[in-house]
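Note sheet for the following structure.
No value in this document is a laboratory result; all are computed from the given coordinates. Predicted, not measured: the structure shown is a model, and the values here were computed from it. Here the Cβ positions follow ideal geometry from the backbone for every residue, glycine too, while neighbour counts run over all protein chains shown.
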Amino acid sequence: MDRVIIFDTSLRDGEQSPGATYQVEEKLEIARQLARLGVDVIEAGFPISSQGDFEAVRRIASEVDGPVICGLARVYREDVDRAWEAVKGARRPRIHVFVGVSEIHLQYQTRMTREQALEMAVAMVKRAKSYTPDVEFSPMDATRADPAYVVQICKAAVDAGATTLNIADTCGYAYPQEFYNFIKMIRERTLGDRTDVVISVHCHDDLGMATANSLAGVMAGARQVEGCVNGIGERAGNTALEEVIMALHTRHDYFGLTTNIDTAEIYRTSRLISQFTGLLVQPNKAVVGANAFAHESGIHQDGVLKERTTFEIMDPRDVGLPSNQIILGKLSGRAGFRHRLEQLGYRLNKEHFQRAFQRFKDLGDRKKIITDRDLEVIIADEVQSVREAYRLQHVQVTCGDPLIPTATVRVHGPGGETYVETTTGTGPVDAVYKALDQVVHVPNELVEYQVHSVTGGMDAVGEVTVRVASGGHTFVGRGASTDIIVASARAYLNALNKIVAERAATAPQAAHTA
Ligand code: MN
């Protein structure tokens, strides 16, 4: 097989990134984008872990077409049954069963003997197999386990019906050459000549080697790579899928392997994940960072202007990177705007288009040059606000020294009512947030506030990301505007809207019937 299966776990392992939590609607939107990107498998969640996770997996399974939809399960009956309930609506459902196999995990985490873990693994793979032919088995922390035991449990899992064996470097402990040998040994000793079982790799980036280890695994015969877009995930994160994809693509001469991925969708997927998790992509991040295709030194710039390939091994268009060229100005009309959106791959419905166009014209009054990045931010803002119960109509502040920072907000409520509130605060953003709190009235705590400029220049669009804690969960809000007070208000109201939606969704039934 000369194709590598791309298994995305941005919605499962990715959600284990500290501070990242998705709303169900956001998970669906990410899953649809992953389908457009062309991933082969979406690990949509860990259904037994919570009602919300179950619901998200169930909806993705029934609403997202294309990829295999996978649910995670420990080696317990209730886990496997719950995973099946969640994924059974998919055209191609997969159950992923895992158990810790290192002595450390067996003793302190799994709390089983080797024999018990093996017995449970076999029983649960069989149980999963009774539901669906597509069963994946993972020995967790395999790289720190006794290799003979890893081989023994993998063999047993294959005999029980597992069709994918996923070798997990759970703690990011392996080194590429070592991992290559390990994968090769496991493949030879568990599968021999069998070609009907896929070897998979699941690497973490604790020592910065997740991509290198994954590719070493591929060289040793693995034909599935697990990871997350932007390399998000537990601790230092998972393998960054875009790096593996572009390595296979760029170095096809070396690997001789392909994927099903439409690479032009990489950048948009990266932005979506970043927006929904609030985890910003570092500028020097490979493939998707803001500087990944920027050339600073005179020699490099001169070279690239003469011939792009002098200093670029990848074409930015191949990853769908929007250009930062002058593309639109305030005099651009509806047709030009629509055309550019289409070129960028956006297909907006009438209402979204209307709102996005209005925002574009407003932005044109304040900013001379409107780049693709600006458009992206406007669209993300408009599309998110369409679903919002509370909409910001007006925000105004007075501040300075010796003035007392004061904010007035006008908000359109869910029932068509209008709220106007005025408050003071320690600064203009604080005053705005207190005023919005008086409108929405949900208990919350602002835990993080970040503002950064989308593009360079004095008239740049500011993008604000906030993280708000409420009821034990974290909610990410974002907003954009050339006016950072407006962007700040939008971001906070976005988070409050998510809290309101979550509370409505989880409210006890009695509250509605009483
Ligand atoms: Mn993991």
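Of note:
- Exposure rule at most 16 other beta-carbon atoms within 10 Å, DSSP loop trypsin sites (Lys or Arg not before Pro): the chain longest free segment: 388-514
- With a Förster radius of 45 Å applied to the C-beta separation of His252 and Asp401, the computed FRET efficiency comes to 0.15.
- Normalised per residue, the volume of the convex hull around the Cα set of the chain (Å³): 174
- Helical runs (DSSP H, four residues minimum) scored at -39500 (n - 2.57) apiece and divided by the length of the chain put the mean residue ellipticity at 222 nm at -12500 deg cm²/dmol.
- The stretch 372-501 shape via C-alpha gyration tensor axes, a/c threshold 1.5: rounded
- Other residues whose C-beta falls under 13 angstrom from the C-beta of Pro443 contribute a net charge of -2, scoring Lys and Arg +1 and Asp and Glu -1.
- Alpha-carbon centroids, the stretch 264-298 and the stretch 44-94: separation in whole Å: 30
- In the chain, the longest principal axis of the Cα atoms and the axis of helix 241-250 are about 80 degrees apart.
- Given charges at beta-carbon only (K, R positive; D, E negative), |dipole| of the chain in Debye: 1040
- GluC sites (Glu not before Pro) restricted to DSSP loop in the stretch 191-281 with at most 16 other C-beta within 10 Å: none
- Tilt relative to the chain, helix 210-219 - C-alpha long axis, 0 to 90 degrees, to 10: 40
- Computed over the stretch 422-514: relative contact order in percent, which uses C-alpha pairs under 8 Å that are six or more apart: 21
- Residues Arg3 and Leu446, FRET efficiency given R0 of 41 Å [Cβ-Cβ distance, rounded to 0.05]: 0.30
- Taking amide hydrogens as placed 1.01 Å from N in the peptide plane, the amide H of Asn166 sits under 5 Å from those of Phe137, Ser138, Ser200, each at least 5 positions away in sequence or on another chain.
- If both residues of a DSSP beta bridge must be in the chain, then about 50% of such bridges are antiparallel.
- Straight-line reach from Lys129: taking Cα to Cα under 18 Å and skipping same-chain neighbours fewer than 8 places apart, the lysines in range are Lys88, Lys155.
- For the chain, the longest principal axis of the Cα atoms and the long axis of helix 147-159 meet at an angle of about 90 degrees.
- Rounded to the nearest whole Hz, the Karplus-based 3J(HN,Hα) values (6.51 cos²θ - 1.76 cosθ + 1.60, θ = phi - 60°) of the stretch 189-195 follow the sequence 7, 9, 10, x, 8, 5, 10, with x at glycine and proline.
- Separation of the Asp315 and Ser130 label points, Cα + 7 Å toward Cβ, nm: 5.4
- For Lys285, the lysines whose Cα comes closer than 24 Å to its Cα, not counting residues fewer than 8 places off in the same chain, are Lys27.
- Between Glu421 and Asp365, the modelled labels are 2.7 nm apart [label points 7 Å from Cα along Cα→Cβ].
- Relative contact order, percent, the chain [alpha-carbon distance under 8 Å, six or more residues apart]: 10
- Distance between the stretch 398-464 and the stretch 163-236 - C-alpha centres, whole angstrom: 47
- Loop-resident sites, the stretch 415-511, for GluC sites (Glu not before Pro), counting at most 13 other Cβ within 10 Å (DSSP): Glu417
- Prolate/oblate/rounded label for the stretch 240-325 (Cα gyration tensor, a/c 1.5): oblate
- For the stretch 5-277, taking the reciprocal of the average inverse distance between every pair of different Cα atoms yields a Kirkwood hydrodynamic radius of 18.2 Å.
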